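K.L.:
This is the structure, below, for whatever I ask next.
Rule-based calculations on the coordinates, nothing more; no lab input. These figures come from a predicted structure and were not determined experimentally. Please note: Cβ atoms are built from the backbone with ideal geometry, for glycine as well, and neighbour counts cover all protein chains shown.
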Number of protein chains: 2
Amino acid sequence: DITQRVITYFHHVSADKPLLGKRVMITAGPTREAIDPVRYISNHSSGKMGYALAVAARVLGAQVTIVSGPVALTCPSQIAKIDVESAEDMLKAVMTDIDKQDIFIGCAAVADYRIEQASSDKIKKSAEKMQLALTRNPDILATVSALPQRPFTVGFAAETSNVVDYARDKLKRKKLDMIAANDVSIADQGFNSDSNALQVIWDGGQHALPAMNKQILAHQLMSIIVENMSNK
Amino acid sequence: DITQRVITYFHHVSADKPLLGKRVMITAGPTREAIDPVRYISNHSSGKMGYALAVAARVLGAQVTIVSGPVALTCPSQIAKIDVESAEDMLKAVMTDIDKQDIFIGCAAVADYRIEQASSDKIKKSAEKMQLALTRNPDILATVSALPQRPFTVGFAAETSNVVDYARDKLKRKKLDMIAANDVSIADQGFNSDSNALQVIWDGGQHALPAMNKQILAHQLMSIIVENMSNK
């Protein structure tokens, strides 16, 4: 399949395998927060960037696990996948195995809020107006980065304005090792697109990766992660 | 492709074409109601039943248009498709061409509510709790059935309890010619599944279609529609 061909191709490109013996966990895709058995809140994340990062990490020799929200992608070969729906499910799946990870990349577009009281029956429409009471979801990235023995922790920031400012703030606030920021307001970049551009930011450094195919972009981002890890 | 094979197969089964020269419009899939550029409210409808009905109507000779929310299906051959996102988009697309239709089947799981004020920028999370103000969406089925020169109008009801009672109420309230009700709380039926069971209800009659493949089910439902139309 195509994944196998990508892995084979990059094997030639990256002669050495800096992540051999390392474990990498990547969250990918959106989460879905149930309103009732039929309706939900979600977002436009396709999971493509997370899955591309999984392949890139595998190419560099890592043992890779994707914790994936509902996406239309099939799991790349040689990669483990845990399927989840909600943010709470995703946190649970991440925490089960996080102590064994060397790198954690939070690439999923985790819903910030869930419905306070999801209904077990389909809600009948009646009133002209309705208020949906939402409550904050757990912050998976912040939970991982607060662990005493934490993996190298990389976050993503998808923004529609002031992208770099927001990302730098998120890097500090959540005490991440690195953050990759993208502007999802630009057409043909980010969510659901096959290409993307990223501003990669860490404490004391920044690297702009211009718009390119997500699989190539993923390989470049993984290289930056590996370089920064060895500088720690 | 598979659709072509299905059409060819059913051509043998249905020697006559009772819908030759007739136009059929079918809405299918979910709608997506934007919260902001990234987040939305949607539902688990896969569009499979609507697309199967389109093929079934085509087999019976009709000229078919699908008005489709975002689904992972490709349009069957010999069928026109209009892509929409929100309920308001769907209503607009339906109304553009509804006066030419002989049959209208509202199979889409249209979101009952949209966000009162969708944000053009990604909403930043901050508060622990949040209220999402919703407002009723236009009722596409009721709008069509209220037209002075309306097509034969068929609705769907996806329920999780009291399925037949709710459906019979919806039939009367929206002045439909027919309604097909299914219980989406049963595993492996309805949303996202390849099979389904339906209770088909009209004024003075009812017909239970037991669980079966959606394409075969669609053909049986179309036959019931054709029979009821000719009895009018």
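K.L.:
If I take every Cα pair under 8 Å that is 6 or more residues apart in region A:1-132, average their sequence separation and divide by the length, what percent do I get for the relative contact order?
P.N.:
Relative contact order of region A:1-132: 33 percent.
K.L.:
Could you work out, residue by residue across A:124-133, how many beta carbons of other chains sit within 10 Å of that residue's beta carbon, and then give the average as an integer?
P.N.:
5
K.L.:
OK, next. Between B:SER193 and A:ARG5, what's the calculated FRET efficiency when r is the beta-carbon distance and R0 is 45 Å? Round to 0.05.
P.N.:
0.85
K.L.:
In region A:1-114, what percentage of the DSSP-assigned beta bridges are antiparallel, given to the nearest 5?
P.N.:
DSSP beta bridges in region A:1-114 are roughly 10 percent antiparallel.
K.L.:
Could you work out the mean count of beta carbons from other protein chains within 10 Å of each residue's beta carbon in A:154-160?
P.N.:
Shielding by partners across A:154-160 averages 2.
K.L.:
What is the gain in length, in nm to one decimal, between B:ASP165 and B:LYS17 on full extension, counting 0.36 nm per residue of separation less the C-alpha to C-alpha distance?
P.N.:
Roughly 49.9 nm would be gained on extension.
K.L.:
Moving to a separate point now. For B:LYS92, which lysines qualify as cross-link partners when the Cα separation must be under 25 Å and same-chain residues fewer than eight apart are set aside?
P.N.:
Partners within reach: A:LYS124, A:LYS125, A:LYS129, B:LYS22, B:LYS48, B:LYS81, B:LYS100, B:LYS170, B:LYS172, B:LYS174, B:LYS175.
K.L.:
Can I ask one more? Non-local amide H neighbours of B:ASP36 (under 5 Å, H modeled in plane, Pro and chain starts lacking H): which ones?
P.N.:
Distant-sequence amide H within range of B:ASP36: B:SER119.
K.L.:
How far is helix B:2-13 tilted off the main Cα axis of chain B, in degrees rounded to 10, range 0 to 90?
P.N.:
Long axis of B:2-13 versus the principal axis of chain B: about 30 degrees.
K.L.:
Can you compute 3J(HN,Hα) from phi for each residue in region A:85-91, using the Karplus curve 6.51 cos²θ - 1.76 cosθ + 1.60 with θ = phi - 60°, rounded to whole Hz and x for Gly and Pro?
P.N.:
Karplus values, whole Hz, x for Gly and Pro: 10, 8, 4, 5, 4, 5, 4.
K.L.:
Over the whole of A:135-143, what's the average partner chain Cβ count within 10 Å per residue? Rounded to a whole number, please.
P.N.:
Taking all residues of A:135-143 together, the mean is 1.
K.L.:
Express in nm, to one decimal, how much length is gained between A:GLU85 and A:GLU227 on full extension, taking 0.36 nm for each residue of separation and deducting their alpha carbon distance.
P.N.:
That works out to 47.8 nm of additional length.
K.L.:
What does the helix-only formula give at 222 nm for chain B: each DSSP H stretch with n ≥ 4 adding -39500 (n - 2.57), the total divided by the residues, and the result rounded to the nearest 500 deg cm²/dmol?
P.N.:
Counting only the DSSP helices, I get -9000 deg cm²/dmol.
K.L.:
Suppose you put the label 7 Å out from Cα in the Cβ direction; list, shortest first and in nm with one decimal, how far A:ASP99 is from each other copy's label.
P.N.:
Going from nearest to farthest copy, the values are 7.1 nm.
K.L.:
What ranking of A:ILE115, A:ILE140, A:ILE123, B:ILE66 emerges when the number of other C-beta atoms within 10 Å of each C-beta is taken as an exposure proxy, fewest first?
P.N.:
So the ranking, lowest neighbour count to highest, is A:ILE123, A:ILE115, A:ILE140, B:ILE66.
K.L.:
Work out the FRET efficiency for A:ASP99 and B:LYS92 from their Cβ-Cβ distance, taking R0 = 51 Å, and round it to the nearest 0.05.
P.N.:
0.45
K.L.:
May I pose another question? Could you give me the ³J(HN,Hα) list for region B:166-178, computed from phi with Karplus coefficients 6.51, -1.76, 1.60 and θ = phi - 60°, whole Hz, x at Gly and Pro?
P.N.:
Rounded to whole hertz, the list is 4, 5, 4, 5, 5, 4, 6, 4, 9, 6, 7, 7, 7.
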